[in-house]
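Colleague: Here you go, one structure.
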Amino acid sequence: LDDVAGRFERALERSWVAFQPIVDIRAHAVFAYEALVRTEEDSMKRPDVLIATAERLGRVHDLGRQVRSAVAKAAASAPPGVLLFVNVHGLELTDEDLFDAKSPLAQISSRVVLEITERIGLDPIVGPTRVAMLRQLGYQIAVDDLGAGYAALGALATLVPDIVKLDMSLIRDLNRHPAKRRVVGAMATLVRELGGHVVAEGVETIPERDAIVDSGIELLQGYLYGRPTREFSAPTWS
Ligand code: G
Ligand code: MN
């Protein structure tokens, strides 16, 4: 018998948070780090498997709480001035702990950007109300994975995010796809007109970086600058 619940419990106990730099290439400085959940439980080393299991077992809130308290703890050793990006699962918008002004993460909310995707649970009415409550607590809001299929353009209009993260599927081989470049360039213009900033995710190569910069995007994240690591590692500039 495959004891999924037991394995998930172990995964939760053995979870930790990795940090990946988001660089501001114009300032030549780290803009932020994204917190990414990881676990030592062998069967859930892939984060998508860990998260899917949490969904299946109804444990999304528990996983989110674990991540948020780990980020709040790690924040003390983060370089001064950098923001911390934290993923929020759509189902967490119903977790009262996320809205607790006394929670450890809320104490540092001005340094935290919450990344929201529409993958699951972002009700068109409830979602924006909940997101407004998070802003009230001092958090900034990012729309994650735009262009991946689930994060709809509607989120731009209803949430008016501070930051929009373009999914790596839009970024991959950008230099070799004129049509993709047109889409990315138009997205960047649209987001700026709404008063937000754009982060390009999953930047792996120098030609991709050059095409992104040509599109007017200055915040970049990806293996070209650094993988997720236990520490707040300095980026590699290439
Ligand atoms: O859904 P979200 O965008 O938060 O997921 C980010 C995931 O993408 C993380 O698991 C991270 O390890 C991975 N990632 C970060 N940078 C890169 C990259 O440059 N290339 C690829 N293939 N994956 C990346
Ligand atoms: Mn993310």
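The values are calculated or read from the model by the stated rules, or taken from the named source; none is laboratory data. Computed from a prediction, not measured in an experiment: that's the story for all the values here. Glycine gets a Cβ as well: all are built from the backbone with ideal geometry, and neighbour counts include every protein chain shown. SASA here: full protein model, heavy atoms, side chains in, ligands and nucleic acids out. Shrake-Rupley method; radii C 1.70, N 1.55, O 1.52, S 1.80 Å.
Colleague: Would you check if there is a residue in the stretch 31-38 being surrounded by fewer than 17 Cβ atoms within 10 Å (Cβ to Cβ) and free of Cβ contacts under 8 Å to residues at least 60 places away in the same chain?
Modeller: no
Colleague: Ok, one more. Say we look at the stretch 177-218 and pick out the residues that are surrounded by 20 or more Cβ atoms within 10 Å (Cβ to Cβ) and part of a helix (DSSP H, G or I); which of these is farthest from the chain's Cα centre (by Cα)?
Modeller: The residue in question is A211.
Colleague: Oh, and also: Confirm whether Q107 is polar (S, T, N, Q), over 18 Å from the mean Cα position of the chain (by Cα) and open to solvent by 50 Å² or more (accessible area, probe 1.4 Å). I'd like the intermediate steps shown before the answer.
Modeller: Working: polar (S, T, N, Q): yes; over 18 Å from the mean Cα position of the chain (by Cα): yes; open to solvent by 50 Å² or more (accessible area, probe 1.4 Å): yes.
It is true that Q107 is polar (S, T, N, Q), over 18 Å from the mean Cα position of the chain (by Cα) and open to solvent by 50 Å² or more (accessible area, probe 1.4 Å).
Colleague: Same structure again: From V112, V88, V131, which residue is within 13 Å of the chain's Cα centre (by Cα) and either within 14 Å of ligand 1 (Cβ to nearest atom) or farther than 23 Å from Q20 by Cα (or both)? So that I can check it myself, show each step before the final result.
Modeller: Numbers: V112 fails: either within 14 Å of ligand 1 (Cβ to nearest atom) or farther than 23 Å from Q20 by Cα (or both); V131 fails: within 13 Å of the chain's Cα centre (by Cα).
Of the residues listed, the single one that is within 13 Å of the chain's Cα centre (by Cα) and either within 14 Å of ligand 1 (Cβ to nearest atom) or farther than 23 Å from Q20 by Cα (or both) is V88.
Colleague: Taking only the stretch 30-58 into account, find how many residues are under 18 Å from K165 (Cα atoms) and either of a type in the set (K, R) or away from ligand 2 (no atom under 14 Å from the Cβ) (or both).
Modeller: Adding up the residues that qualify gives 2.
Colleague: May I ask you to list the residues in the stretch 136-176 that are part of a loop (DSSP other than H, G, I, E, B) and closer than 20 Å to L224 by Cβ?
Modeller: At the first step, the residues of the stretch 136-176 found to be part of a loop (DSSP other than H, G, I, E, B) are 137-139, 147-150, 152-153, 160-162, 167, 172-173.
Once the filter is applied, which keeps residues that are part of a loop (DSSP other than H, G, I, E, B) and closer than 20 Å to L224 by Cβ, the stretch 136-176 yields G147, A148, D167, R172, D173.
Colleague: If you don't mind, there's one more thing I want to ask. Would you check if A72 is touching a Ser or Thr at 6+ places or on another chain (Cβ under 8 Å), free of Cβ contacts under 8 Å to residues at least 40 places away in the same chain and within 27 Å of S233 (Cα to Cα)?
Modeller: Working: touching a Ser or Thr at 6+ places or on another chain (Cβ under 8 Å): yes; free of Cβ contacts under 8 Å to residues at least 40 places away in the same chain: yes; within 27 Å of S233 (Cα to Cα): yes.
Against the criterion (touching a Ser or Thr at 6+ places or on another chain (Cβ under 8 Å), free of Cβ contacts under 8 Å to residues at least 40 places away in the same chain and within 27 Å of S233 (Cα to Cα)), A72 qualifies.
Colleague: What tally of residues in the stretch 8-24 results from selecting those that are surrounded by 18 or more Cβ atoms within 10 Å (Cβ to Cβ) and either basic (K, R) or more than 15 Å from ligand 1 (Cβ to nearest atom) (or both)?
Modeller: The qualifying residues number 3.
Colleague: Would you be able to say whether some residue in the stretch 86-96 is within 16 Å of ligand 2 (Cβ to nearest atom), within 26 Å of I171 (Cα to Cα), in contact with a helix residue (DSSP H, G or I) (Cβ under 9 Å, 6 or more places away or on another chain) and open to solvent by 20 Å² or more (accessible area, probe 1.4 Å)? Break it down stepwise before answering.
Modeller: To start, the set of residues in the stretch 86-96 that are within 16 Å of ligand 2 (Cβ to nearest atom) comprises 86-93.
Within this subset, residues satisfying the condition of being within 26 Å of I171 (Cα to Cα) are 86-90.
Add one more test, that the residue is in contact with a helix residue (DSSP H, G or I) (Cβ under 9 Å, 6 or more places away or on another chain), and what stays is 86-90.
If we keep only those that are open to solvent by 20 Å² or more (accessible area, probe 1.4 Å) as well, we get 87, 89.
The answer is yes, given that some residue of the stretch 86-96 is within 16 Å of ligand 2 (Cβ to nearest atom), within 26 Å of I171 (Cα to Cα), in contact with a helix residue (DSSP H, G or I) (Cβ under 9 Å, 6 or more places away or on another chain) and open to solvent by 20 Å² or more (accessible area, probe 1.4 Å).
Colleague: Scan the stretch 39-60 for residues that are free of Cβ contacts under 8 Å to residues at least 24 places away in the same chain and either crowded, with 20+ Cβ neighbours inside 10 Å or of a type in the set (A, V, I, L, M) (or both) and jot them down.
Modeller: V49, A52, listed by residue number.
Colleague: Also, quick follow-up: Given the structure, is L224 without any contact (Cβ under 8 Å) to a residue 24 or more places away in the chain, surrounded by 14 or more Cβ atoms within 10 Å (Cβ to Cβ) and within 13 Å of ligand 1 (Cβ to nearest atom)?
Modeller: Values: without any contact (Cβ under 8 Å) to a residue 24 or more places away in the chain: yes; surrounded by 14 or more Cβ atoms within 10 Å (Cβ to Cβ): yes; within 13 Å of ligand 1 (Cβ to nearest atom): yes.
Spelling it out, L224 is indeed without any contact (Cβ under 8 Å) to a residue 24 or more places away in the chain, surrounded by 14 or more Cβ atoms within 10 Å (Cβ to Cβ) and within 13 Å of ligand 1 (Cβ to nearest atom).
Colleague: Determine whether the stretch 141-163 contains at least one residue that is more than 16 Å from ligand 1 (Cβ to nearest atom), open to solvent by 20 Å² or more (accessible area, probe 1.4 Å) and over 27 Å from G202 (Cβ atoms). Talk me through it step by step, then tell me what you get.
Modeller: Taking the stretch 141-163 first, the residues more than 16 Å from ligand 1 (Cβ to nearest atom) are 153-154, 156-160, 162.
Now restrict to residues that are open to solvent by 20 Å² or more (accessible area, probe 1.4 Å): 153-154, 157-158, 160, 162.
From what is left, the residues that are over 27 Å from G202 (Cβ atoms) are none.
Checking the stretch 141-163: not a single residue is more than 16 Å from ligand 1 (Cβ to nearest atom), open to solvent by 20 Å² or more (accessible area, probe 1.4 Å) and over 27 Å from G202 (Cβ atoms).
Colleague: Here's another thing I want to ask about it. Examine the stretch 62-81 for a residue that is β-branched (V, I, T) and in a loop (DSSP other than H, G, I, E, B), and state whether such a residue exists. Break it down stepwise before answering.
Modeller: The first filter runs over the stretch 62-81 and keeps only residues β-branched (V, I, T), leaving 67, 71.
Filter again for in a loop (DSSP other than H, G, I, E, B), leaving none.
No, there is no match, as no residue in the stretch 62-81 is β-branched (V, I, T) and in a loop (DSSP other than H, G, I, E, B).
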